Amino acid sequence: MRIVTLITDMGNKDYYVASIKGAIYSKMKEVLVVDISHEIRPFDIAHASYVLKNCYKDFPVGTIHILGVNPEETEHVKHIVIQHEGHFFIGADNGLFSLVFNEAPEHIYEIDANDYLHLSQSFPTKNIFVEVASKLSRNISIATLGKKVTQLNRRHLFRATVEANVIKGTVSYIDAYGNLITNINKETFEEVANGRSFKIYLTRADYTISKIHKKYSEVPEGEKVAIFSNSGFLEIAINKGVDGSGGGANKLFGIKLNDTITVEFSE
């Protein structure tokens, strides 16, 4: 059975997602549709890339991933299909995929727009991406779907800055629990730390953390905690601190996306 995943910013209030699923089931036999998320912030490719990057490898080889975030084709943004590590990815070359892969994907093809001119262009996720997914599900070669390209449109996110005794990062993602995921990765942290003690300063200077734990439950419920998340980045959380139970780290500390997180190491 072929698996097709969906990531969109369409929400679940309207008919859009149901229409995409209906098209998939109409065109593909023996298929399982998995909703990764439809709650991506509208047009936010950084949000979408973070979600995809942290889960696509958990799916079996052969999975087809449809990305319906900011999907319209323009003069400078073309529709593409990617084959990488045994997975297929369909979406717009708007910079999203450059944030997903650490290296250049193995195969990138610009979808031949002439093949889909007879379809409505206002809903490409349904009318174009599903058609391409249907062809891939029938084992049609990716090379027949368009012309080969050698690189993706690039999008660059802010990187943590490093000085001798300081790492300055930002909050790049806030999950449903209010946990704050930063752009400070574990490798950089450990390299700069080199065994030294440290303090993690949140937006308000009177909130600090001086230890990295392996899991949330290593601190009492309602207590702040720093861990390296499954994605490999520094995460600030409140153990079981969700709405109705004290609130998540974002609300308790008044921290928003792109706010600064500073780590200072002893000299």
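The values are calculated or read from the model by the stated rules, or taken from the named source; none is laboratory data. It should be emphasised that the depicted structure is a prediction, and the values quoted were computed from it without experimental measurement. Quick reminder, even Gly has a Cβ in these numbers, built from the backbone with ideal geometry, and neighbours come from all protein chains shown.
Points worth noting:
- Test for F158: is it over 20 Å from L252 (Cα atoms) and surrounded by 16 or more Cβ atoms within 10 Å (Cβ to Cβ): no
- Check on T260, without any contact (Cβ under 8 Å) to a residue 12 or more places away in the chain and surrounded by fewer than 21 Cβ atoms within 10 Å (Cβ to Cβ): no
- Odd one out for A48 among (1) surrounded by 19 or more Cβ atoms within 10 Å (Cβ to Cβ); (2) part of a helix (DSSP H, G or I); (3) out of contact with any helix residue (DSSP H, G or I) (no Cβ under 7 Å at 6 or more places or on another chain): (3)
For (1) out of contact with any Asp or Glu (no Cβ under 7 Å at 6 or more places or on another chain); (2) in a loop (DSSP other than H, G, I, E, B); (3) outside the structural domain of K251 (by TED's automatic domain parsing), each residue gets a yes or a no:
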{"site": "S134", "(1), (2), (3)": "yes, no, yes"}
{"site": "I140", "(1), (2), (3)": "yes, yes, yes"}
{"site": "H156", "(1), (2), (3)": "yes, yes, yes"}
{"site": "T170", "(1), (2), (3)": "no, no, no"}
{"site": "E187", "(1), (2), (3)": "yes, no, no"}
{"site": "V192", "(1), (2), (3)": "yes, no, no"}
{"site": "S217", "(1), (2), (3)": "yes, no, no"}
{"site": "G222", "(1), (2), (3)": "yes, yes, no"}
{"site": "I227", "(1), (2), (3)": "no, no, no"}
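- Here K78 clears all of (1) within 29 Å of D175 (Cβ to Cβ); (2) in contact with a strand residue (DSSP E or B) (Cβ under 8 Å, 6 or more places away or on another chain); (3) of a type in the set (K, R) except the condition numbered (1).
- Within the set N70, N94, N127, N114, the sole residue that is on the phi > 0 side of the Ramachandran plot and either not in a helix (DSSP H, G or I) or not assigned by TED's automatic domain parsing to the domain that holds S231 (or both) turns out to be N70.
- Y207 falls short on exactly one of the conditions (1) at pLDDT 90 or above; (2) within 20 Å of I255 (Cβ to Cβ); (3) among the hydroxyl-bearing types (S, T, Y), and that condition is (1).
- Residue under evaluation T208, criteria (1) polar (S, T, N, Q); (2) in contact (Cβ under 8 Å) with a residue 12 or more places away in the chain; (3) more than 30 Å from D58 (Cβ to Cβ), criterion not met: (2)
- Yes/no for T203 being within 18 Å of F158 (Cα to Cα), in contact with an Asp or Glu (Cβ under 9 Å, 6 or more places away or on another chain), surrounded by fewer than 18 Cβ atoms within 10 Å (Cβ to Cβ) and not assigned by TED's automatic domain parsing to the domain that holds K53: yes
- Here H84 passes the criteria (1) in contact with a Phe, Trp or Tyr (Cβ under 9 Å, 6 or more places away or on another chain); (2) in contact (Cβ under 8 Å) with a residue 24 or more places away in the chain except the one numbered (2).
- Identity of the residue in segment 142-154, in contact (Cβ under 8 Å) with a residue 24 or more places away in the chain and in a helix (DSSP H, G or I), that ends up farthest from H65 (Cα to Cα): A143
- Of all residue pairs spaced 6 or more apart or on separate chains, those with beta-carbon atoms under 8 Å, a first member in segment 68-79 that is of a type in the set (A, V, I, L, M, F, W, C) and a second member that is loosely packed, with under 15 Cβ neighbours inside 10 Å are V69/F43.
- The number of residues in segment 105-132 being of a type in the set (A, V, I, L, M) and out of contact with any His (no Cβ under 9 Å at 6 or more places or on another chain) comes to 3.
- Complete set of residues in segment 29-59 that are at pLDDT below 95 and farther than 22 Å from T182 by Cα: K29, E30
- Among the conditions (1) surrounded by fewer than 21 Cβ atoms within 10 Å (Cβ to Cβ); (2) closer than 29 Å to M28 by Cα; (3) in contact with a helix residue (DSSP H, G or I) (Cβ under 7 Å, 6 or more places away or on another chain), V100 misses just one, which is (1).
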